[in-house]
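Participant: Have a look at this one before I ask anything.
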Amino acid sequence: MMPEGLDRIRGARILVVEDSIANQTLARDLLQHAGCLVDLAGNGMEAIKAIRDANKPYDAVLMDLQMPIMDGLEATGIIRGELALDSLPIIATTANVGKKEMARCLTAGANDCLPKPFHIHDLYAVMIRWVQPVAGAAASGIDETAGAAPARAEVTLPRELHGIDIEDGLARVGQDRALYAGLLAEFAETNAQMGQEIDMAFVKGDLERVRFCAHGIRSTAGNIGADALTMAAAELEEQIADGGDSVTDAFRRFEIELERTVSVIRAADIATHRDTARWTSGEVELDRKEAEILIGILLDMLDDQDLGAQEEFEKLAGMLGGRGLDEALAELSENLESLEFANARSILLRVGQEILN
């Protein structure tokens with residue numbers, strides 16, 4: 001049963017600020033299901049630009065706290081200070097919702113804080129609480145189909161996945177089996193090489209990078225009901241933050257759980273509407289799964305300001321050429337050559353949303 005008053009936010013313009021594509025997809029689809037109009041930003045800097053450039057003001061911002069380039073706290077401060085938007089509801093999202101974190105959110109200017117991984121009912125409840133009622137669709141000129149989530153293909157899920165609470169995962173997305181299957185597949189694809197990347201960071205002693213990765217996986221693992229991995233990620237994050245003596249042990253447990261979770265999902269071979277979806281251009285088909293993997297790798301390289309990003313980009317450009325994205329790809333290439341990593345990341349996210357959704 002959906003919460004009372006959900007119809008009040010139909011037609012509301014919501015900006016979702018989140019660096020994880022999986023979390024972007026989840027928030028966008030759930031909000032669209034409620035009839036909201038959703039825009040996406042990959043970090044605080046992109047959010048500030050989106051708010052400044054918007055033709056119509058947003059009715060609320062769903063703001064992740066921990067993001068590269070500019071985090072949610074800094075972005076919230078700019079929205080309240082420099083942009084002087086005191087009445088714009090900002091709902092912070094974080095996997096660390098303790099009293100200290102809540103105080104930081106409110107001090108920075110957020111109206112509320114939504115724990116991640118969030119449940120569909122919690123997301124709707126906080127939106128109903130803060131979004132001013134939107135005038136009826138007919139009266140305001142809003143198309144009744146605006147914001148509606150795309151139609152879903154039928155999806156068959158396995159009866160069980162070891163270490164994953166399927167019932168909990170489905171409950172979080174309002175029993176949308178196709179969305180949940182997509183989250184499972186995306187989790188496995190995105191994190192297939194993550195164990196190796198985190199291991200390299202740990203060996204180098206880059207614990208901040210390890211902590212950042214663990215924080216991201218903590219919320220996305222929670223979205224799919226991977227409870228053991230969620231707890232292992234939380235333990236690792238806390239050990240690093242506190243300078244604990246058991247960081248190595250926590251890291252090994254996390255590494256094992258991550259590898260096991262990815263393996264279980266991949267072994268299930270879950271088919272989604274996105275797995276078989278392909279773009280056709282002339283005689284060449286584009287495999288979206290392969291494109292998504294390349295985009296994920298390139299996003300990580302841009303976050304690290306890795307000079308090897310140009311070489312990885314050339315692989316992606318070869319896949320996407322002739323599909324109406326040449327202008328964006330040229331702009332992306334120029335920004336990579338001039339080492340404008342933040343701009344390049346923004347363009348890449350737009351390209352990713354264009355071909356993957």
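Participant: Expressed in nm to one decimal, what extension gain is obtained for the pair Met319 and Asp227 from 0.36 nm per residue of sequence separation less their Cα-Cα distance?
Facilitator: Values: separation 92, 0.36 × 92 = 33.12 nm, distance 3.63 nm.
Full extension of this stretch gives 29.5 nm more.
Participant: Quick one: how many lysine pairs in the chain have C-alpha atoms under 26 angstrom apart, if they're 8 or more apart or on different chains? Walk me through the numbers before you get to the answer.
Facilitator: Details: Lys49/Lys116; Lys99/Lys116; Lys100/Lys116; Lys116/Lys289; Lys289/Lys315.
Final tally of qualifying lysine pairs is 5.
Participant: Right, next: If you stretched the chain out fully between Ala192 and Asn55, how much longer would it get, using 0.36 nm times the residue separation minus the C-alpha to C-alpha distance?
Facilitator: Length gained between Ala192 and Asn55: 45.4 nm.
Participant: Scan around Thr94 for amide H atoms under 5 Å from its own, H built in the peptide plane at 1.01 Å from N, and keep only partners 5 or more places away or cross-chain.
Facilitator: Close amide H contacts, sequence-distant or interchain: Leu114, Lys116.
Participant: Stretched out fully, how many nm does the piece from Glu331 to Glu354 gain, at 0.36 nm a residue minus the Cα gap?
Facilitator: Values: separation 23, 0.36 × 23 = 8.28 nm, distance 1.54 nm.
Full extension of this stretch gives 6.7 nm more.
Participant: Something else now. Could you tell me the distance between the Cα centroids of region 160-232 and region 83-110, to the nearest Å?
Facilitator: If you average the Cα positions of each part, the centres end up 25 Å apart.
Participant: Please work out the Cα center distance from region 233-262 to region 1-56, rounded to the nearest Å.
Facilitator: Region 233-262 and region 1-56 have Cα centres separated by 32 Å.
Participant: If you average 1/r over every pair of different alpha-carbon atoms in region 72-121 and take one over that average, what Kirkwood value in Å do you get? Before the final figure, lay out the partial values.
Facilitator: Working: mean 1/r = 0.0896 Å⁻¹.
Computed over Cα pairs of region 72-121, the Kirkwood hydrodynamic radius comes out at 11.2 Å.
Participant: May I ask for the equivalent-ellipsoid semi-axes of region 10-134, computed as the square root of five times each C-alpha gyration tensor eigenvalue and listed largest first in whole Å? Mind dumping the intermediate values first?
Facilitator: Numbers: eigenvalues 67, 59, 41 Å².
The answer is 18, 17, 14 Å, longest axis first.
Participant: Still on this model: Can you compute the equivalent ellipsoid semi-axes for region 166-268, i.e. the square root of 5 times each eigenvalue of the Cα gyration tensor, sorted largest first and rounded to whole Å? Mind dumping the intermediate values first?
Facilitator: Working: eigenvalues 130, 38, 21 Å².
Semi-axes from the Cα gyration tensor: 26, 14, 10 Å.
Participant: Kindly provide the helix-only [θ] at 222 nm of the chain, computed as the sum of -39,500 (n - 2.57) over DSSP H runs of four or more divided by all residues, to the nearest 500 deg cm²/dmol? Walk me through the intermediate numbers first.
Facilitator: On the way: 16 runs with 200 residues, N = 357.
After summing the helix terms and dividing by the residues of the chain, the value is -17500 deg cm²/dmol.
Values in this text are rule-based calculations from the coordinates and carry no lab data. Since the structure is predicted, the reported quantities are computational estimates derived from the model, not experimental observations.
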